[in-house]
Structure formats: C-alpha cells, structure tokens
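Structure, as structure tokens:
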Amino acid sequence: MPDETPDFRPLSLTRRIEDFPIGNLPLAGHQRRAIAASKLTAHPHAWLCGDDLAGFLAAGAATMAGPDQVPLAWHGAAPDPADVFAVKSSFLIRYPWDLLRANEHYVSHLAGNLIAGDIHPSAVVEGVIHLGEGSRILPGVFIEGNVVIGSGCKIGPNCYLRGSTSIGDSCHIGQSVEIKNCLILSKTNVGHLSYVGDSVLGENVNFGAGTTVSNLRHDGKNHRSEVDGALIDTGRRKFGVIVGDGVHTGINTSIYPGRKLWPGTSTRPGEIVSRDLKSEI
C-alpha cells in the first residue's frame, strides 16, 4: 500500500518509500543487507552507507544520525538522543530527488560485472554493468560509467547510457536515446531521439519520440521543486523530472527541470511542461 507521504509525492501515491527500488533492489532490501549482522534498528526511509555504519559500530554509540540530527539507525527499541554518532554520507530519503542520491551511491560503488544477458560486439561498455537475464544491448550502444539493467530489456540501437543509471525489468531504451544518471522502473519505455537526465521514471511510463528533459538552470543555481505549495531547494545543480507510474508523453514533449508528473497523466505532442502536472489520484 502507498503511504501518501506529502513530501514524496507523486511517487508515494503508488508505493511506499521503503518499497522503492534502488538499483533494482527495494530500499528495505538494501537496509537488510546493511544491518543484517549488527542487530540494529533502522528508520524505514534511511539510506545507510557502509563506512558510516562501521564507524558507528566502532564508536559504541547508541544512535546514528545525520547532520540534521534525525536518527537513522540505533541499538535497542528506540533512538537515544543523548548518545548520538553523527555521520555525513548516510541520510533520510524524504523527497523524491533523494532517490537519485541513493542510486548514485549504490551504482557508482558497484565492484564487478554481472552479465546474464547479451551484449552485441559493437557495443562499448566503459564501466561496470549488471545486466539481467534476457536483456539485449544492441549494436552501437555506448555505456559510460556504471549501470544496472534488469531482465528482459532492450537497449538501443545507437543509444548512450551514462552512469549512474539503473533500469528495471522489461524496459526499452530506444534508438538514439541518451539517459544520464537516472532511476527507471520496470516496464518503462523511452522512445527514440529522447534525452532524460537526473530523473526518476516510475513503472509503465512511455516517453514519446523526441521527449526532452531539461536538467540545468541557465544561472547554474540549485533547482527548486514545489512541495505542498512551497518551493524546496533540492540541493541539486542537475535535476530533471520526477515521473509517476503510467505517465505517457506525446512526441516532442519538453519538460522544465524540477517538475513532477503525477501517475496516469499525459502530455500532447509538442507540449511544454513548465509546472507540475497533477491528477486527481
């Protein structure tokens, strides 16, 4: 069941934060891996980094917290605010763009290839790749940096994937598409001649041909995004779009940076998305 977290909309309208896949593993699964041997309790929305956990356990403190003092993990039944070990890399996933930060951390630290699918001899992979069963990397594809690709995907031909990107199962990244630093969920298609950077795309999304996502302000400042009527500094100089499940864009759609598209919404051919596109869901 979704948790309807206002700060996390539109993504929280269709799933809980802890169920959201990062590198094709739910956040809750990443947590179980991180704390399995330590018998810690973790905040369900915490992204926990291994170095931070090691330092916390070595320090013998009761509670691990980020710079904002929000408890991320602790010994016992509840956090102890009087015995806190402060960390810098771990953080609480509160806003949709925090998923990009977690995905960047996970994918950039992949240590070795796991290839169960097929990579065409003319494709170039410069980085670490995890490629699922039945997935195909077609001729002319160039992958720069680390990527995670699920099962049953078709990538290319002649497209450009840049790290740190994760792509779910049964996805199609089409002819001459560029994907940079994105988190793309299963059964999503990005049509030919499209660009998507620093973005999160939900399940069953279809980007029509020529859909372009802007991810950089002309003044180079951090992007802001509307949350519950207020503009929030995302802390990101590069930030594209947050797209809910089942969104369809018409051909040649252009999307302003920092915008959010609610589940099930759509655009017309040639439409310019300058504000969050909301639905009644």
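Select from segment 127-150 the residues that are small (Gly, Ala, Ser) and surrounded by fewer than 17 Cβ atoms within 10 Å (Cβ to Cβ) and write down the one among them that is nearest to GLY112 (Cα to Cα). Steps first, answer last, please.
At the first step, the residues of segment 127-150 found to be small (Gly, Ala, Ser) are 127, 132, 134-135, 140, 145, 150.
Still in the running and surrounded by fewer than 17 Cβ atoms within 10 Å (Cβ to Cβ): 134, 140.
On the way: GLY134: 19, GLY140: 23 Å.
Out of the qualifying residues, it is GLY134.
Scanning for something in contact with a Phe, Trp or Tyr (Cβ under 9 Å, 6 or more places away or on another chain) and not in a loop (DSSP other than H, G, I, E, B), does segment 251-268 turn up at least one residue? First the steps, then the outcome.
First, pick out the residues of segment 251-268 that are in contact with a Phe, Trp or Tyr (Cβ under 9 Å, 6 or more places away or on another chain): 253, 257-258.
Narrowing the set further to residues that are not in a loop (DSSP other than H, G, I, E, B) leaves none.
No, the conditions are met nowhere in segment 251-268.
Without any contact (Cβ under 8 Å) to a residue 40 or more places away in the chain, surrounded by fewer than 18 Cβ atoms within 10 Å (Cβ to Cβ) and either among the hydrophobic types (A, V, I, L, M, F, W, C) or in contact with a Gly (Cβ under 6 Å, 6 or more places away or on another chain) (or both) - does that describe any residue in segment 199-221? No. When you scan segment 129-150, do you find a residue that is without any contact (Cβ under 8 Å) to a residue 60 or more places away in the chain, in contact with a helix residue (DSSP H, G or I) (Cβ under 8 Å, 6 or more places away or on another chain), assigned to a strand (DSSP E or B) and within 18 Å of LEU48 (Cβ to Cβ), even just one? Scanning segment 129-150, I find no residue that is without any contact (Cβ under 8 Å) to a residue 60 or more places away in the chain, in contact with a helix residue (DSSP H, G or I) (Cβ under 8 Å, 6 or more places away or on another chain), assigned to a strand (DSSP E or B) and within 18 Å of LEU48 (Cβ to Cβ), so the answer is no. One residue stands out in segment 1-57 among those that are of a type in the set (Phe, Trp, Tyr) and touching a helix residue (DSSP H, G or I) at 6+ places or on another chain (Cβ under 9 Å): the one that is nearest to PRO71 (Cα to Cα), namely TRP47. Applying the condition of being free of Cβ contacts under 8 Å to residues at least 24 places away in the same chain and not in a strand (DSSP E or B) to segment 158-173 and asking which residue is nearest to LEU99 (Cα to Cα) yields CYS171.
Within segment 103-126, how many residues turn out to be closer than 15 Å to ILE22 by Cα, hydrophobic (A, V, I, L, M, F, W, C) and surrounded by fewer than 21 Cβ atoms within 10 Å (Cβ to Cβ)? Please lay out each step first, then the result.
Restricting attention to segment 103-126, the residues satisfying the condition of being closer than 15 Å to ILE22 by Cα are 103-110.
Still in the list and also hydrophobic (A, V, I, L, M, F, W, C): 107, 110.
After this cut, where a residue has to be surrounded by fewer than 21 Cβ atoms within 10 Å (Cβ to Cβ) as well, the list is 110.
Total satisfying the criteria: 1.
In segment 209-223 there is no residue that is assigned by TED's automatic domain parsing to the domain that holds LEU138, closer than 20 Å to PRO21 by Cα and touching an Asp or Glu at 6+ places or on another chain (Cβ under 9 Å).
From ARG259, ARG224, ARG237, grab the single residue that is free of Cβ contacts under 8 Å to residues at least 24 places away in the same chain and either within 20 Å of the chain's Cα centre (by Cα) or crowded, with 19+ Cβ neighbours inside 10 Å (or both). Write out each step before concluding.
Working: ARG259 fails: free of Cβ contacts under 8 Å to residues at least 24 places away in the same chain; ARG224 fails: free of Cβ contacts under 8 Å to residues at least 24 places away in the same chain.
Matching residue, one of ARG259, ARG224, ARG237: ARG237.
The values are calculated or read from the model by the stated rules, or taken from the named source; none is laboratory data. Nothing here was measured: the structure is a model prediction, and the numbers come from that model. Using ideal geometry, Cβ is built from the backbone for each residue, glycine included, and neighbour counts are taken over all protein chains shown.
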